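Where a number appears in this text, it was derived from the coordinates with a stated rule and is not lab data. Note that this is a predicted model, so its numbers are computed, not measured. As a convention, Cβ positions derive from the backbone with ideal geometry for all residues, glycine included, and neighbour counts pool all protein chains shown.
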Amino acid sequence: MAYRWKNDLTLADATPEAAFLNRRQIMAGMAGLGLASMASPGVASTELEPNTWDEVTNYCNFYEFGTGKGDPAANAHLMTTEPWSVTIDGMVDKPGEYDFQQILSNMTLEERIYRFRCVEAWSMVIPWNGFELADLLNMAGVQEGAKYVAFETLLRPSEMPGTAYRVIDWPYREGLRLDEAMHPLTIMATGIFGKPMPNQNGAPLRLVVPWKYGFKSIKSIVRITLTDQEPPTSWNMANAREYGFYSNVNPNVDHPRWSQASERRIGGGLFASREPTLMFNGYEAEVASLYEGMDLAKFF
Ligand SMILES: Nc1nc2c(c(=O)[nH]1)N[C@H]1C(S)=C(S)[C@@H](COP(=O)(O)O)O[C@H]1N2
Ligand SMILES: [Mo]
């Protein structure tokens, strides 16, 4: 099957009809084969040119391996990712430790080409492979009264040289409101470019929330907790004035130390002009209704 890029993403793309690329998925479910040939017909919008493999895997933020952009690529091979399990607990019907391979065999893998915008004002376009977080949460059975989802990254200092430094209060923690977590654009990514997730990008599974600043997209997840309280999150704990819980991409709400009105596209070249930042990173039509009536400067 040819590996082909989809057009710019609309919610119409964000369905199981989107191209299936993962071999395991194609083997596991013949439905995948049938649907792959009818990938997103009639979606006419701007072509999103993905960044290269080298850019996506060499320019990273993964502070557990160091704070330099090249540190994750240099050090993340130290992390053991097999076996891997994810504890799902809190307000769920079926709490427990779920084996990663077992999770995979129960999920529908898709390709999602998303814009990715770091709070530091650089951006990329990344072709992810993964499944909807909603599918995983539904598998565990979200209980009535749950309002938030908390996530934790692996903390294994012997394999993570960056954790010797208290840049943040380890383990790396993130969170979403339940409706954000259940949104069809929110995925758990298990690969990029049709290949398993490289360690430096958050193997074996990481969150991707394309309308939020990149730090919300927590890597190498080992725990998911359903709760009725807004969970503490790493960057908000480190500096609440600069990093809010919501962290929706918003060109009109500046970081206290820099403008968020424009961004630098990685790979654009030395003399490329900055690009205007899009409201909700270009996913306004899909997600603006989640924040209706909220003051986005206050709940930043
Ligand atoms: N555990 C963990 N997750 C993390 C980070 C981190 O340092 N540790 N960095 C975040 C930030 S700031 C960004 S921009 C993205 C970067 O993802 P990428 O390197 O795959 O592009 O990962 C996010 N997830
Ligand atoms: Mo980031």
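Just give me the residues in segment 102-119 being within 28 Å of E144 (Cα to Cα) and in contact (Cβ under 8 Å) with a residue 12 or more places away in the chain, in sequence order.
Answer for segment 102-119, where residues must be within 28 Å of E144 (Cα to Cα) and in contact (Cβ under 8 Å) with a residue 12 or more places away in the chain: I103, L104, S105, N106, M107, T108, L109.
With respect to T52, determine if the residue is out of contact with any strand residue (DSSP E or B) (no Cβ under 9 Å at 6 or more places or on another chain) and away from ligand 2 (no atom under 15 Å from the Cβ).
Here the answer is yes, as T52 does meet what is asked.
Taking segment 178-200 as the search range and keeping residues that are farther than 18 Å from D135 by Cβ and away from ligand 2 (no atom under 16 Å from the Cβ), which one is surrounded by the fewest Cβ atoms within 10 Å (Cβ to Cβ)?
Just the residues of segment 178-200 that are farther than 18 Å from D135 by Cβ, to begin with: 192-196, 198-200.
Going one step further and asking which of them are away from ligand 2 (no atom under 16 Å from the Cβ), we end up with 192-196, 198-199.
Values: I192: 22, F193: 17, G194: 16, K195: 12, P196: 14, P198: 20, N199: 24.
Going through the qualifying residues, I end up with K195.
So F215 ticks every box in (1) within 16 Å of ligand 1 (Cβ to nearest atom); (2) buried (at least 22 other Cβ atoms within 10 Å of the Cβ) but one. Which box is left unticked?
Status for F215: all satisfied but (2).
Only one of F300, F271 is of a type in the set (F, W, Y), assigned to a loop (DSSP other than H, G, I, E, B) and more than 30 Å from V86 (Cβ to Cβ). Can you tell me which? Don't jump to the end; show me each part of the working.
Numbers: F300 fails: more than 30 Å from V86 (Cβ to Cβ).
Going through F300, F271 in turn, just one is of a type in the set (F, W, Y), assigned to a loop (DSSP other than H, G, I, E, B) and more than 30 Å from V86 (Cβ to Cβ): F271.
Could you count how many residues in segment 240-289 are touching a helix residue (DSSP H, G or I) at 6+ places or on another chain (Cβ under 6 Å) and aliphatic (A, V, I, L, M)?
Residues flagged as touching a helix residue (DSSP H, G or I) at 6+ places or on another chain (Cβ under 6 Å) and aliphatic (A, V, I, L, M) within segment 240-289 amount to 3.
Looking only at residues in segment 179-189 that are part of a loop (DSSP other than H, G, I, E, B) and within 12 Å of the chain's Cα centre (by Cα), which one is nearest to D228 (Cα to Cα)?
T186
Taking the options V142, V125, V149, name whichever one is within 16 Å of ligand 2 (Cβ to nearest atom) and either more than 24 Å from N236 (Cβ to Cβ) or among the aliphatic types (A, V, I, L, M) (or both).
V125
Given L176, L207, which one is in a strand (DSSP E or B) and either acidic (D, E) or farther than 15 Å from F116 by Cβ (or both)?
On the way: L207 fails: either acidic (D, E) or farther than 15 Å from F116 by Cβ (or both).
Being in a strand (DSSP E or B) and either acidic (D, E) or farther than 15 Å from F116 by Cβ (or both) holds for just one of L176, L207, which is L176.
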